[in-house]
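*Asks:* Have a look at the structure that comes next, please.
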Ligand code: GLN
C-alpha cells in the first residue's frame, strides 16, 4: 500500500509547488522507492485542453491521450515516470462525474452534496492504483483559502483519517518575504497560511519556505514553534539558477530525510544522486553557447512552450552548450522581411499552435531556414507550415494552405495540403470525428507509432526505424501531395504504420531540416534528452562554429 504525500501551497501562487513535488519524487526514487505524482486542480474547466496557453501555460499530453496541467510535465521530466490521464483532475471533471452519476440514478435518490459526494469522488481519484507504488505524491493546485479549493482540502483531510495512522503526510509550501528596509525575513504570512490550513483540519508535517537566501536559525525556530512543526522539518527553498539543481538543493536542505523521518522509516536507504550530480554539472559547466529562435504566437508567456524550452535545455546539456532561446513573434514577419531578424541565430524552431494568426509569418520563417540552410525543427503546426512553404515555393502550389484556416474564415481560399482528419486508426480500432464535434478532447491525442524510412536523417537521429510519440492535433498533411513534394526535395521520412498519415518530413540537401507532426518535447528529460532535440542542438552548435 502506498504512502501518501499531499503538497499544498499558501501565501502566494507560483512558488514552485510543482517543482518541489517533482524534486521530492526524484529524491525518493534516488533512495530506491517507486513513485507516482498527481495534480488536483480546483478550476472548473473539465481539463486544460480548451484553455488558451495565455491562461494556463502549455497543455501537457500523456501517452494515453489526456490533456493535462503543465505540472505533469515537471513530474515526468524529474522522475521519468510516464504520467497517465488518471494523474490529473480538476473540479470540473469531479463535478461532471458526480452529475453524470446523479443523472444515471447511481445515488439512489439521495440529496447530492459536496460532503460526501464530491469529496468521495476526489478520494476515489486519489487512490487509483495505490497498490502500484511506494509513494503517491498529490499536489493541490492554487493556495489554501481559495474558494474552489475547499472540497479538495476537505477530501485529503478525510482521506488521511480513512487510512491507518502514519500513512499520509502534509507538506506546505509558503513564501518568506524579505523586507529590505529592516533586513528581515518575515515569517508572519507563513504563520497565517498554516493557521488557515489548521482551521480546516490540516496540520502540515513539513514546511517548505521559498526565500531569496538561507533561513537563519532564529527564523527556523520561530516557524517551527508557531506552525507546530519540528525545526528540521522547516526546509528552505532558495532561488536556484537552474530548476535541475532542485533535487540536490532539497537534499542538502534535508527534505527527503525529513519525509522519511515523518513516516518513521529507519534506517533510511542511502540515496544515489549521481544522475542529478551529472545533470547539475552539465547545466552549470557548458563549453559554449548557441542561439535558437522560437518563432511562435504565444511568445509573451514562456510557460506556453514550457516543454519545448526544457527540451532545448536538455539538448544543450547533451552537447555541453548553453542554449539561449529568443522568442520571436511570428506576426512580425507578416509585415517585415524575416532575414534581419533571423540572421545570427544558429537554429530556428517553429512550435505547435492553433488558428491562423501568425501562420504566414511562420511560413516565412520556414522558408528562410530552408533557403539559408539554417537548422529547422518544425513541431506539429511547425511541420504543417514547412510543408505549405515547400508546396507553395517548390511545388508550384501557390495557394497551398491548411483547411484549419478556411474553417476559421468560413470560406475556401486554399488548396488544402493540410486537411481536417476525420477518421483514423488507433491500435486496433477506428476513431471518427465530425467537423462540428466539441472542441474538448476531440483531437488525435496521445501516443501513436510511426515507421521511419531506412537511411533517412530521422532514422539516423533516433537510431531506430520504429518510434512512438505523442500527438495533439486535428489537421494532417495530405498524402496525395507526397510524390509532388518528394520530387522537389521534401521527403516523407516518417509515416503512420498504415502508411496513411505523414509523421515526419525532412528536406534533402540541407544540414538539418525536420518537421514532425507530433510533440517530441513532451518526452525529453534532463537525464535522457530527446534524440531530436539532442541532434537539433548539435546541428545548431555546428552552425555556431561556422559563423
Ligand atoms: N492546429 C494544428 C492542428 O490542429 C496544429 C496543432 C498543434 O500544433 N499542436 O492540426
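*Asks:* Among the residues of the range 246-267, is there at least one that is within 26 Å of residue 511 (Cα to Cα), in contact with a strand residue (DSSP E or B) (Cβ under 8 Å, 6 or more places away or on another chain) and away from the ligand (no atom under 16 Å from the Cβ)?
*Replies:* Checked against the condition, which is being within 26 Å of residue 511 (Cα to Cα), in contact with a strand residue (DSSP E or B) (Cβ under 8 Å, 6 or more places away or on another chain) and away from the ligand (no atom under 16 Å from the Cβ), the range 246-267 yields no hits at all.
*Asks:* List every residue pair whose Cβ atoms sit under 9 Å apart, with the two residues 6 or more apart in sequence or on different chains, where the first one lies in the range 375-387 and is on the phi > 0 side of the Ramachandran plot and the second, anywhere, is outside any loop (DSSP other than H, G, I, E, B) and near the ligand (Cβ under 7 Å from one of its atoms).
*Replies:* Sorted first by the residue in the range 375-387, then by its partner, the pairs are 380/472; 380/473.
*Asks:* I want to confirm something. Restricting to the range 406-415 and keeping residues that are modelled with pLDDT under 85 and within 15 Å of the ligand (Cβ to nearest atom), which single residue is surrounded by the fewest Cβ atoms within 10 Å (Cβ to Cβ)?
*Replies:* For the range 406-415, the residue satisfying everything is 409.
*Asks:* Let me ask another. Only one of (1) within 19 Å of residue 514 (Cα to Cα); (2) over 27 Å from the mean Cα position of the chain (by Cα); (3) buried (at least 20 other Cβ atoms within 10 Å of the Cβ) fails for residue 403. Which number is that?
*Replies:* Every condition holds for residue 403 apart from (1).
*Asks:* Are there any pairs, at least 6 apart or on different chains, whose C-beta atoms fall under 6 Å, with the first in the range 397-410 and in contact (Cβ under 8 Å) with a residue 12 or more places away in the chain and the second within 15 Å of the ligand (Cβ to nearest atom) and assigned to a strand (DSSP E or B), and if so, which?
*Replies:* 400/417; 402/418; 402/475; 403/416; 403/419; 403/420; 404/475
*Asks:* Across the range 475-504, which residue is surrounded by the fewest Cβ atoms within 10 Å (Cβ to Cβ) among those that are assigned to a loop (DSSP other than H, G, I, E, B) and touching a strand residue (DSSP E or B) at 6+ places or on another chain (Cβ under 7 Å)?
*Replies:* Looking at the filtered set, the residue picked out is 498.
*Asks:* Quick one: which residue in 466, 496 is within 16 Å of the ligand (Cβ to nearest atom) and closer than 23 Å to residue 425 by Cα?
*Replies:* Within the list 466, 496, the selection yields 496.
*Asks:* Please tell me if residue 358 is in contact with a helix residue (DSSP H, G or I) (Cβ under 7 Å, 6 or more places away or on another chain), on the phi > 0 side of the Ramachandran plot and either modelled with pLDDT of 95 or more or surrounded by 19 or more Cβ atoms within 10 Å (Cβ to Cβ) (or both).
*Replies:* yes
*Asks:* Another question, then. Scan 461, 431, 418, 451 and give me the residue that is outside any loop (DSSP other than H, G, I, E, B), in contact with a strand residue (DSSP E or B) (Cβ under 6 Å, 6 or more places away or on another chain) and more than 16 Å from the ligand (Cβ to nearest atom).
*Replies:* Values: 461 fails: in contact with a strand residue (DSSP E or B) (Cβ under 6 Å, 6 or more places away or on another chain); 431 fails: more than 16 Å from the ligand (Cβ to nearest atom); 418 fails: more than 16 Å from the ligand (Cβ to nearest atom).
One residue alone meets the criteria, 451.
*Asks:* Quickly run through the range 450-464 and pick out the residues that are farther than 15 Å from residue 507 by Cβ and crowded, with 19+ Cβ neighbours inside 10 Å.
*Replies:* 450, 452, 459, 462
*Asks:* A follow-up question, please. Against the conditions (1) modelled with pLDDT under 95; (2) part of a helix (DSSP H, G or I); (3) in contact with a helix residue (DSSP H, G or I) (Cβ under 7 Å, 6 or more places away or on another chain), where does residue 542 fall short? Just the number, please.
*Replies:* Unmet condition: (3).
*Asks:* Somewhere in the range 296-305, is a residue over 24 Å from the mean Cα position of the chain (by Cα) and under 24 Å from residue 399 (Cα atoms)?
*Replies:* No, there is no match, as no residue in the range 296-305 is over 24 Å from the mean Cα position of the chain (by Cα) and under 24 Å from residue 399 (Cα atoms).
*Asks:* Go through the range 228-254 residue by residue and tally those that are surrounded by fewer than 22 Cβ atoms within 10 Å (Cβ to Cβ), in a helix (DSSP H, G or I) and more than 27 Å from the chain's Cα centre (by Cα).
*Replies:* Selection size over the range 228-254: 2.
*Asks:* While we're on this one: Picking from 224, 268, 231, 304, which residue would you name as being at pLDDT 95 or above and in contact with a helix residue (DSSP H, G or I) (Cβ under 8 Å, 6 or more places away or on another chain)?
*Replies:* 224
The values are calculated or read from the model by the stated rules, or taken from the named source; none is laboratory data. Quick caveat: nothing in here was measured; it's all calculated off a predicted structure. Using ideal geometry, Cβ is built from the backbone for each residue, glycine included, and neighbour counts are taken over all protein chains shown.
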